[in-house]
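Novice: Take a look at this one; I'll ask things after.
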Amino acid sequence: MPAAVTPVQARVAYGTRARLAERLAAEKATRRAILADLFPVEPDAPAAERARVRAQARSHLHGLRQRGELCDSVDVLMTHAVRAELRERGWDHPWPPPPPTAPHSGRWPGSQDGAWPEVIPMRLPAELAERLQAACAHVSMPAIVEIRSLRDANPGPITPADGALFERYQSLAAEVITPGDVLRAAVARALPRG
């Protein structure tokens, strides 16, 4: 039975998709080279022999993908990049489910970004997508609670003219880390260097 996956989207800056396509093209070229070098298939070989070689090749490629040594699809590449991002943040551990009042979709309180013109769809392992959501919710909830309270006490726009109130809002907003923030960081990690 295949592992459960969760579709997610990373909203990113213009040009990111093209750079990601460059990385994937390089990974696919690596896959072709591995297959040609390690698993050559003679076209006139018996069908059983061709099937055996293809099965060995699939198994070998699967192992490389699992270890992150070959990331020839968006899903594999982003799974490893998201795991690395969570590890770097110290968040790659089990989390309790998000609190019932935590945001689950849409714009999070305090989130100040919204103009990301490109979308990168991907499927992450369900456990990884759940960990990402839970980590962001638990890390951000103290600031979100304060932002909600601040907004209730101060309806309407909060602008730089509001002085200390604006500064407090900005400070709290900086403490809100959304799944989109982490996904963008993971995409940046996955892009070709240079």
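Please treat every number below as a calculation from the coordinates, not as lab data. These numbers were taken from a predicted model, which means no experiment stands behind them. FYI the Cβ positions are ideal-geometry reconstructions off the backbone, even for glycines, and counts take in every protein chain you see.
Novice: Just to check I understand the Karplus step: with θ = phi - 60° and J = 6.51 cos²θ - 1.76 cosθ + 1.60, what whole-Hz values come out for the range 54-65, glycine and proline as x?
Specialist: 4, 5, 4, 4, 4, 5, 4, 5, 4, x, 4, 5
Novice: Among His138, His80, His93, which one shows the highest mean-square fluctuation when the chain is modelled as a Gaussian network with alpha-carbon springs under 10 Å?
Specialist: Highest fluctuation of the listed residues: His93.
Novice: Continuing with this model, one more query. Using alpha carbons only, how many angstrom separate the centre of the range 114-169 from the centre of the range 27-71?
Specialist: Cα centroid of the range 114-169 versus Cα centroid of the range 27-71: 44 Å apart.
Novice: If Lys and Arg each add +1 and Asp and Glu each add -1, what is the summed charge of the other residues whose beta carbon sits under 15 Å from the beta carbon of Leu35? Walk me through the numbers before you get to the answer.
Specialist: Values: positive: Lys28, Arg31, Arg32, Arg50, Arg52, Arg54, Arg58, Arg65; negative: Glu27, Asp37, Glu42, Glu69, Asp72.
Around Leu35, the charge tally is +3.
Novice: How far is helix 164-174 tilted off the main Cα axis of the chain, in degrees rounded to 10, range 0 to 90?
Specialist: Helix 164-174 and the main axis of the chain meet at about 20 degrees.
Novice: Starting from the Cα-Cα distance between Ala55 and Phe39, subtract it from 0.36 nm times their residue separation and give me the gain in nm to one decimal.
Specialist: 4.8 nm
Novice: What length, rounded to one decimal in nm, is gained on full extension from Arg148 through to Arg193, with 0.36 nm per residue of separation minus their alpha-carbon distance?
Specialist: Result: 12.2 nm gained on full extension.
Novice: With a 10 Å cut-off between alpha carbons and a GNM built on the chain, which of Ala84, Ala102, Ala18 moves the most?
Specialist: Ala18
Novice: While we're here: Shape of the range 92-194 from its Cα gyration tensor (a ≥ b ≥ c, root eigenvalues): rounded if a/c is under 1.5, otherwise prolate when a/b > b/c, or oblate?
Specialist: The shape class here is oblate.
Novice: Quickly work out the Trp95-to-Tyr14 label distance, labels modelled 7 Å from Cα along the C-beta direction, and quote it in nm with one decimal.
Specialist: A separation of 3.2 nm, rounded to one decimal place.
Novice: Using modelled amide H (1.01 Å from N, peptide plane; none on Pro or chain starts), what sits under 5 Å from the amide H of Val5, excluding residues fewer than 5 places away?
Specialist: Here the answer is Ala126, since their amide H atoms fall under 5 Å of that of Val5.
Novice: Between His104 and Ala29, what length in nm is gained on full extension when 0.36 nm per residue of separation is reduced by their alpha carbon distance?
Specialist: Stretched out fully, the His104 to Ala29 stretch lengthens by 23.2 nm.
Novice: Using the Cβ atoms and a cut-off under 14 Å, what net charge is assigned to the surroundings of Ala134, where Lys and Arg are +1 and Asp and Glu are -1? Don't skip to the end; give the middle numbers.
Specialist: On the way: positive: Arg89, Arg131; negative: Asp92, Glu127, Glu130.
Local charge sum for Ala134: -1.
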